[in-house]
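Undergrad: The following block contains the structure, expressed as structure tokens.
Laboratory data are not the source of any read-out in this text; all were calculated from the coordinates shown. Everything numeric here is computed off the predicted structure, so don't read it as measured data. Here the Cβ is made from the backbone with ideal geometry for all residues, glycine too, and neighbour counts use every protein chain on show.
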Amino acid sequence: MLAPLNYLPQLPQDRGRPIGCIGSGFIMADCHLVAYRKAGFNPVAIASRNPANAKAVAERHSLAKTFDTYQELLADPEIEVVDVAVPPDVQLEVIRKIVEHNDHIRGVLAQKPMGMNYGEAKQIVELCEQAGITLAVNQNMRYDQSIRACKDALDHGYLGEPIFASIDMRAIPHWMPWQERLGWVTLRIMSIHHLDTFRYLFGDPVRVFASTRSDPRTEQKFAHQDGICLYILEYENGFRASAWDDVWTGPASEGAEKDIYIRWRVEGDEGMARGTIGWPEYPNPTPSTIDFTTTKDSDQWHQPRWNEVWFPDAFVGTMAQLLCALEEEREPDIGGRDNLKTMALVDACYLSANEHRAVELAEILVKS
């Protein structure tokens, strides 16, 4: 009899730390704050570049305070944790202001990507370390329920030694306005989830080979290089991981039938797991799934199911791991310094695609 898989995050004992929120867009209004209220966390204030929108979000989620500027929010001595949900090109600027208030601010949850590139991410990490502020990153796919369950299956040894893993994404995301000014489509927005998930499940690869092309639909709106992204991660022990991040998926928005999904698969020498990510059906609540089989309990598929969904329930986990770290005086599970390797891996993908060669992770880490 196999032990049931653990797919839920650890929660802090004290859920009352006051949280100040910077940003009032979709990810804050429909994901972060929904999850925080569900978990019993304590968001108390919000500010954004659009004060009217911040006020509307505050009323929707019963936040006690709104501020016209994020600088005013940071000066509020009640705020102990800051949730930063702003575009990546302004994130470093916001962090510079946050660290000036380390007399009362103890923790920061930074949106992914953590800045524009590895170099900016490193500055953010160093600023927080120097100020004594605990930094975590909102790599929320680590808290998708099927990914948590897969990690637990690996930790229990149900799959044995990992041999090969893949993620196949065929989806048409809703692009954010700031992506046009940055010229980004997939690698730093969607692929970063998959690259970080591979790191979470299997550790750090030695090198990556990436190939990209533009998305025909999005290139009509703005120029970019990272529409459809294919990449292979090579590990020292022979393990391989690969993803196909396809945001074109055929002319599904132009009149053809749709075939949209995100699927993942992990093969080991003692078992195999396969899963789906429910996100493409959002806003319809569609739980992710896992099916797995193992030689430890042969001739059957194990198919645990749950009601929680990636959006918004996974956002409980990203804030919870920061609150637990503050409570236990330790590094968060998705700490800023750990996330530097995910940022480096994204930069390595861009370099690989540009130069048509495999790029070692160390090449980015040493360069910066």
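Undergrad: Straight distance only, please: which lysines reach the Cα of Lys38 with their own Cα at less than 21 Å, same-chain residues fewer than 8 apart left out?
TA: Lys38 reaches Lys55, Lys65.
Undergrad: Another one. Glu254 versus Ser211, label points 7 Å from Cα toward the beta carbon: distance in nm?
TA: 2.2 nm
Undergrad: If you don't mind, there's one more thing I want to ask. Any idea how far apart Glu267 and Ala75 come out in nm if each label point goes 7 Å out from Cα toward Cβ?
TA: That separation, rounded to one decimal, is 6.1 nm.
Undergrad: Within 10 Å of each residue's Cβ, count the other Cβ atoms and sort Val81, Val90, Val57, Val206 from fewest upward. Intermediate results must be reported in sequence, preceding the final value.
TA: Values: Val81 25, Val90 17, Val57 22, Val206 13.
Ascending Cβ contact count within 10 Å gives the list Val206, Val90, Val57, Val81.
Undergrad: Something else: Share of Cα-Cα pairs in segment 1-134 beyond 18 Å, in percent?
TA: Details: 4868 of 8911 pairs.
Tail fraction, whole percent: 55.
Undergrad: Considering the zone a paramagnetic label at Ile163 would reach in this model (a point 7 Å from Cα along the Cα-to-Cβ line), which residues of segment 223-265 have amide N under 14 Å from it?
TA: 238-241
Undergrad: Turning to a different aspect of this structure: Once you have the Cα-Cα distance between Ala223 and His104, take 0.36 nm times their residue separation minus that, and quote the gain in nm to one decimal. Kindly include the intermediate steps, with their values, before the conclusion.
TA: Numbers: separation 119, 0.36 × 119 = 42.84 nm, distance 4.29 nm.
This chain segment gains 38.5 nm when fully extended.
Undergrad: If each residue's Cβ is checked for other Cβ atoms within 10 Å, how do Met116, Met169 rank with the fewest at the top? Each step should come with its number before you reach the end.
TA: Values: Met116 18, Met169 25.
By the 10 Å Cβ count, ascending, the order reads Met116, Met169.
Undergrad: From the backbone phi of segment 55-62, what are the Karplus-calculated ³J(HN,Hα) couplings (6.51 cos²θ - 1.76 cosθ + 1.60, θ = phi - 60°) in whole Hz, Gly and Pro given as x?
TA: Result, ordered by residue: 5, 5, 5, 4, 5, 4, 10, 6 Hz.
Undergrad: Fewest Cβ neighbours within 10 Å first, please rank His174, His193, His32 accordingly.
TA: Details: His174 6, His193 25, His32 28.
So the residues, fewest neighbours to most, are His174, His193, His32.
Undergrad: With contacts defined as alpha carbon pairs under 8 Å and 6 or more residues apart, what's the relative contact order of the chain in percent?
TA: Numbers: 781 pairs, mean separation 76.7, N = 368.
Relative contact order, the chain: 21 percent.
Undergrad: If the elastic network links every pair of Cα atoms under 10 Å, which of Cys229, Cys31, Cys21 fluctuates the most in the Gaussian network model of the chain?
TA: Cys31
Undergrad: Taking the chain as a Gaussian network, Cα atoms linked when under 10 Å apart, which of Phe198, Phe222, Phe315 shows the biggest mean-square fluctuation?
TA: In the Gaussian network model the winner is Phe222.
Undergrad: Taking 45 Å as R0, compute the FRET efficiency from the Cβ-Cβ separation of Arg240 and Arg37 and round it to 0.05. Walk me through the numbers before you get to the answer.
TA: Details: r = 41 Å, r/R0 = 0.92.
E(calc), rounded to 0.05, equals 0.60.
Undergrad: Given the options Tyr282, Tyr200, Tyr70, which has the most mean-square fluctuation in a GNM of the chain, springs set between C-alpha atoms less than 10 angstrom apart?
TA: In this elastic network of the chain, the residue with the biggest mean-square fluctuation among Tyr282, Tyr200, Tyr70 is Tyr282.
Undergrad: Where in segment 243-272 does the amide nitrogen come within less than 12 Å of the point 7 Å from the Cα of Lys296, taken along Cα to Cβ?
TA: 270-272
Undergrad: Quick one: angle between helix 336-355 and the longest Cα principal axis of the chain, in degrees between 0 and 90, rounded to 10, please.
TA: Tilt of helix 336-355: around 60 degrees.
Undergrad: Would you work out the charge dipole size for segment 283-357 about its Cα centre, treating the Cβ of every Lys and Arg as +1 and the Cβ of every Asp and Glu as -1, and quote it to the nearest 20 debye?
TA: Details: 6 positive and 13 negative charges, 54 e Å.
With Lys and Arg at +1 and Asp and Glu at -1, about 260 debye.
Undergrad: Which number comes out as Rg/Rh for the chain once both Rg and the Kirkwood Rh are worked out on C-alpha atoms? Write out the running numbers ahead of the final one.
TA: Numbers: Rg = 20.2 Å, Rh = 21.2 Å.
That ratio is 0.96, to two decimals.
Undergrad: Hey, what angle do you get for helix 88-98 against the long axis of the chain, alpha-carbon based, 0 to 90 degrees rounded to 10?
TA: 40 degrees
Undergrad: Next question, about the same structure. What value, in deg cm²/dmol to 500, does the helix sum -39500 (n - 2.57) over DSSP H runs of n ≥ 4 give at 222 nm once divided by the residues of the chain?
TA: After summing the helix terms and dividing by the residues of the chain, the value is -10000 deg cm²/dmol.
Undergrad: Going by alpha carbons, how many degrees (0 to 90, nearest 10) lie between the helix axis of 145-155 and the longest principal axis of the chain?
TA: Around 60 degrees separate the two axes.
Undergrad: Which number comes out as Rg/Rh for segment 231-345 once both Rg and the Kirkwood Rh are worked out on C-alpha atoms? Mind showing how you got there, number by number?
TA: Numbers: Rg = 18.1 Å, Rh = 17.7 Å.
Expressed as Rg/Rh, it is 1.02.
Undergrad: Net charge near Cys324, counting Lys/Arg +1 and Asp/Glu -1 over other residues with Cβ under 10 Å of its Cβ?
TA: Net charge around Cys324: -3.
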